[in-house]
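What follows is calculated from the coordinates using simple rules that are stated; it is not laboratory data. Note that the coordinates shown come from a computational prediction; the quantities given were computed from them, not determined experimentally. Using ideal geometry, Cβ is built from the backbone for each residue, glycine included, and neighbour counts are taken over all protein chains shown.
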């Protein structure tokens, strides 16, 4: 399987070449275009694996769809184009018996060998991190494709690192985070518009998104026709 | 994506800021003209005269309206010497130049930005195919001998079809009329009789192109953005 | 200080590396992430009175944040809109920015508010403009890509596309064509910009985006 990420960082698409018999598991609705020798199968479970209704329900809580789409090439040299639903970036992250915790709705596609599960991060984070209530836990071996709003940048955390709420895309499970205040004083943090932030700890890779979707929504929304 | 620097039959142009906020700059010599849809001029030299009007008679204008375009077409003329016109569509997205050589190009509703002399632009009723595509019953049809610029939401990718290609209906921007198309549901679902994919798989209606020719697809669909912005809109009674 | 603007023009954001003792001032809520050796403090955007004026007339926030470090560290600064950013280095000169365009600056830069005039207001750009002066780097942002034009004589710009300009530039409002054309062309009023001087334009306008969305929602 070969892939190419094009038109970064706002109109990003993922182009994957599939050879006969190869398949890719994708978020529902992500397919833009493809060769005619690819077939799709929609299920609530991993390909050939575990899952079923409970996993499907858990995925729904994390902002993903109940179903997964499996695209399989029936002929040699087939291409498929995938894209997230909103403007934003796509990155590839190969896993080798490892786990990546991904913000709800940021999982785009993965090798059939990767298990997509849901992870609960506790009430504090659910309410204040500016992300979904549940997170998507991707583990196994193979390539993983994650999308964001805004451009994705990588931070190598070694000790401590602070991220504003709404800017987390994914992080390695060797990292943990807590909710805290941005400045020394809580009032100052709120007046400065930063309010609460996520404070990471540990050693590992963290992926952030450059823009925060609600900030854009709050600027654009009031100028639009009432609903 | 790279800047495009090229020429129409007689006018040099440049497409910059691709693919997210693409901008078209044309350099006109004294007396030269270019036409555009309304509200897309971002800036221009003071030597340029802008005039709004209808073009191509009643039938063509009506066709364009059914194709999601305005009744009005703006004409920019380099009246008092050479000068530039900069066009920026309202849509965040990409821009493509296409040269018509007595052939026909079909475009999705609202995709037209600008054209040069020699191009005929009207709407074309798609019949039942259009009804199922969910994207409007009328496509824009450009023909003649000249140059046309069309725009999208998201980046535009060009796909050379040599046999068959499948595109989700919400991502089609334009295609050459040498291609045949039909709206269908995905192959695998028909074979396995799995209607589930159609209803829950989200990839419901696709357009199957066949023949030889080019299609241009956009990398984002508009509807998810409109649903995303919905909760940020003001409510009616306040 | 080392600063780099990445992912132009659609999701531009600034990666800043601060040396020990250095600091950067940024618009409220502009911090996306930072290393833990950076301290944030919040203060009035240039004194209480100035801050209130800028809030009301300049489209800026009441407070700005100052990020400092005693040991060195990194910070990522962003803006709410998807779009481009530019950095200009002031050396005693002045630049005017449209309300809302300011993102960050070095502490040696002065932020002020200036009367832009009725032409600017009618042209949809606001009665006031932000005036940046002093010495040091200033970062400003836009919705859309930023492009420049060096104006020697006169240039016409549609409303909603002007981001910043030098003080030698003057603005006038005019019609885009004849009365019929100005009304039906969708262009309406335009800015007639007189040079000499440099102007910064954005390749999209919020008005254009709003019209595009409004035509598609019910």
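Annotations for the structure displayed:
- For region B:2-62, convex hull of alpha carbons as volume per residue, Å³: 131 Å³
- Estimated FRET transfer efficiency (residue A:1, residue B:71; beta-carbon r; R0 56 Å; 0.05): 0.65
- Shielding score for C:138-144, defined as the mean number of other chain Cβ atoms within 10 Å: 2
- Using C-alpha pairs under 8 Å with a sequence gap of at least 6, the mean separation divided by the residue count of chain B gives a relative contact order of 18 percent.
- Cβ-Cβ distance of residue C:189 and residue B:9, R₀ of 45 Å, FRET efficiency by 1/(1 + (r/R0)^6): the value works out to about 0.85.
- Shape metrics for region B:29-98, restricted to C-alpha atoms - Rg then Dmax, Å: 13.2, 37
- Shape call, region C:157-208: gyration tensor on alpha carbons, a/c limit 1.5: oblate
- Stokes-Einstein D in µm²/s, Kirkwood radius over Cα pairs - the protein assembly as shown at 4 °C with 1.567 mPa s viscosity: 49 µm²/s
- Highest average packing first - B:43-53, A:154-164, C:132-142, Cβ atoms within 10 Å: C:132-142, B:43-53, A:154-164
- For the segment C:78-87, counting C-beta atoms of other chains within 10 Å of every residue's C-beta and taking the mean gives 5.
- Distance histogram for chain C (every C-alpha pair counted, 5 angstrom bins, percent rounded to whole numbers): 1, 7, 14, 18, 19, 16, 11, 7, 4, 2, 1, 0, 0
- C-alpha center-to-center spacing [region C:119-147, region B:9-29] in angstrom: 25 Å
- Calculated [θ] (222 nm, deg cm²/dmol) that DSSP helices of n ≥ 4 give over the protein assembly as shown, each run adding -39,500 (n - 2.57): -3500 deg cm²/dmol
- Per the Cα gyration tensor, region C:60-186 maps to an equivalent ellipsoid with semi-axes of 31, 16, 13 Å, ordered largest to smallest.
- With a simple spin-label model that places each label point 7 Å from the Cα along the Cα-to-Cβ direction, the separation between residue B:210 and residue C:118 comes to 6.8 nm.
- Within 10 Å of each Cβ in A:1-12, the average number of Cβ atoms from other chains: 6
- Label positions at residue A:156 and residue C:180, each projected 7 Å from the Cα along the C-beta direction, are separated by 6.8 nm.
- Prolate/oblate/rounded label for chain B (Cα gyration tensor, a/c 1.5): prolate
- Between residue C:216 and residue C:127, full extension at 0.36 nm per residue minus the direct alpha carbon distance yields a gain of 28.9 nm.
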